[in-house]
Amino acid sequence: MIRLCVLAAPPDLAWIRDTAAELSIRHRWPDCELSGTSRPAEWSKKLGAYGSADVIFCDVGLDRSAALLKQARQANPAALVVPLVTAEIPPTVYVRPEILPFCLLWRPLKGAENRDMLDKVLRHVFSEKAAPEDQFLTVKGKRESHQIPYREICYFEAREKKVFIRLPEQEIPINDTLAALEERAPAQFLRCHKSFLVNGDMVESVDWSDQTVLLRHRLAVPISRSCRANVKERINGTD
């Protein structure tokens, strides 16, 4: 469970709630529990003494919001703080050592940039909350098993009736299926081709003219026509 606490006007509160729910479903993240209000006087009650929130969203244009945000940070140093700002609000209000914002959302909240930023916020929280065993792929050998950190896997490729794990400097064949790996792998892995499951955190760019995902370590994988829309949505590429 990812806990969000929001002090914002009703339209902004609804946008955060609905967009977080959509992203959680799409990425198979834990459910988001949101507690929010548009009234600063009620916020501390909604926040549950600030202690249980993973992310604190606060419209710093509301009355007393900066002071409340400072109190929230003091009560919960581990939470991510995300101010909701406009160009009219000077950064000195919210970019302060006693607040330490993780990032900003710009009002009005509707738009791809804010959605992408919320995605990054939730992705960060999810990675921090994931159990250590969820961060490794266990590969069984003839005599022993060993674990490979998912963060080191560039992609999985299905060929020759096997699946190959592609690491920066080597390939490891395993007896598995891409469909099963897609179910077990962390949320950053996405299908870009019927034969490839790629680590989105490894993606550097997309060559749409060549229908290719370009990865770190000078690696590239193809994009199939059926997966093109999914890749564009997940990686936010452009033609």
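The values are calculated or read from the model by the stated rules, or taken from the named source; none is laboratory data. This structure is a prediction, so every number in the text was calculated from the model and none was measured. Neighbour counts run over all protein chains shown; Cβ positions are idealised from the backbone, glycine included.
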| field | In the stretch 218-231, the residues that are in a helix (DSSP H, G or I) and more than 14 Å from Phe189 (Cα to Cα) | value | Arg218, Arg225, Ser226, Arg228, Ala229
| Top-ranked residue of the stretch 199-235 - restricted to ones that are closer than 20 Å to Asp116 by Cβ and exposed (fewer than 13 other Cβ atoms within 10 Å of the Cβ), ranked as nearest to the chain's Cα centre (by Cα) | Glu233
| task | Filter the stretch 25-74 down to the residues that are in contact with a strand residue (DSSP E or B) (Cβ under 7 Å, 6 or more places away or on another chain), of a type in the set (Ser, Thr, Tyr) and at pLDDT 85 or above, then identify the one that is farthest from Thr86 (Cα to Cα). | result | Ser35
| query | Of the residues Ile2, Ile56, Ile16, which is crowded, with 22+ Cβ neighbours inside 10 Å, under 30 Å from Ala185 (Cα atoms) and touching a Cys at 6+ places or on another chain (Cβ under 8 Å)? | reply | Ile56
| Before we move on, is Asp31 crowded, with 21+ Cβ neighbours inside 10 Å and of a type in the set (Asp, Glu)? | no
| query | So Lys162 fits all but one of (1) over 26 Å from Glu128 (Cβ atoms); (2) of a type outside the set (A, V, I, L, M, F, W, C); (3) in contact with a His (Cβ under 6 Å, 6 or more places away or on another chain); what number is the exception? | reply | (3)
| Going through the stretch 103-126 one residue at a time, which ones are buried (at least 18 other Cβ atoms within 10 Å of the Cβ), modelled with pLDDT under 90 and of a type outside the set (D, E, K, R)? | Val125, Phe126
